[in-house]
Amino acid sequence: MTLEDIKAAVDAGQTVHWANTGYVVHKDRLGQYFITYLPNGSCIGLTDRKGQRLNGKAAEFFIAGSEEGDENTQDGHPRPDGQGRGVVLGGKVAQSLRRQR
């Protein structure tokens, strides 16, 4: 998703995730966009300070319930930890920031 796509989806009331369903993009009352990690409330700006570059790869952002992002891995089987991955075109799965066990 492009920066413009992400902002438009959030403004339209859609839930936008980054990398997995633990991260949600939201807009605050000042009109600023953030990525929040739901389990602990940590957040980072959606973009760099100039507002031009995403803090994350564009392909890792997805809308909840869309074909590109769901709770399944690329083979269609649910992940045991419940953490979905954003699926990019071509069937690749976006990687999480946490270490794999």
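The values are calculated or read from the model by the stated rules, or taken from the named source; none is laboratory data. What you see is a predicted model; the values in this text were computed from it and never measured. Positions of Cβ are generated from backbone atoms using ideal geometry, with glycine treated the same way; all protein chains shown enter the neighbour counts.
Among the listed residues K50, K27, identify the single one that is of a type in the set (D, E, K, R) and touching an Asp or Glu at 6+ places or on another chain (Cβ under 8 Å).
Details: K50 fails: touching an Asp or Glu at 6+ places or on another chain (Cβ under 8 Å).
Exactly one of K50, K27 is of a type in the set (D, E, K, R) and touching an Asp or Glu at 6+ places or on another chain (Cβ under 8 Å), namely K27.
Can you give me the number of residues within the stretch 1-33 that are more than 21 Å from G65 (Cβ to Cβ) and in contact with a His (Cβ under 8 Å, 6 or more places away or on another chain)?
Total meeting the criteria: 0.
Looking at this structure, is G76 part of a strand (DSSP E or B) and at pLDDT below 50? Show your work before the answer.
Details: part of a strand (DSSP E or B): no; at pLDDT below 50: yes.
Taking the combined requirement at face value, the residue does not satisfy it.
What number goes with the only condition from (1) farther than 22 Å from A9 by Cβ; (2) modelled with pLDDT of 95 or more; (3) of a type outside the set (D, E) that A58 does not pass?
(1)
Would you confirm whether or not the stretch 62-69 contains a residue that is at pLDDT 95 or above and either among the hydrophobic types (A, V, I, L, M, F, W, C) or not in a loop (DSSP other than H, G, I, E, B) (or both)? Outline the logic, then answer.
To start, the set of residues in the stretch 62-69 that are at pLDDT 95 or above comprises 62-63.
Next, only the ones that are either among the hydrophobic types (A, V, I, L, M, F, W, C) or not in a loop (DSSP other than H, G, I, E, B) (or both) stay: 62-63.
Yes, the stretch 62-69 contains at least one residue that is at pLDDT 95 or above and either among the hydrophobic types (A, V, I, L, M, F, W, C) or not in a loop (DSSP other than H, G, I, E, B) (or both).
How about the stretch 9-34: which of its residues are under 13 Å from L46 (Cα atoms) and free of Cβ contacts under 8 Å to residues at least 12 places away in the same chain?
Residues satisfying the conditions are D28, G31.
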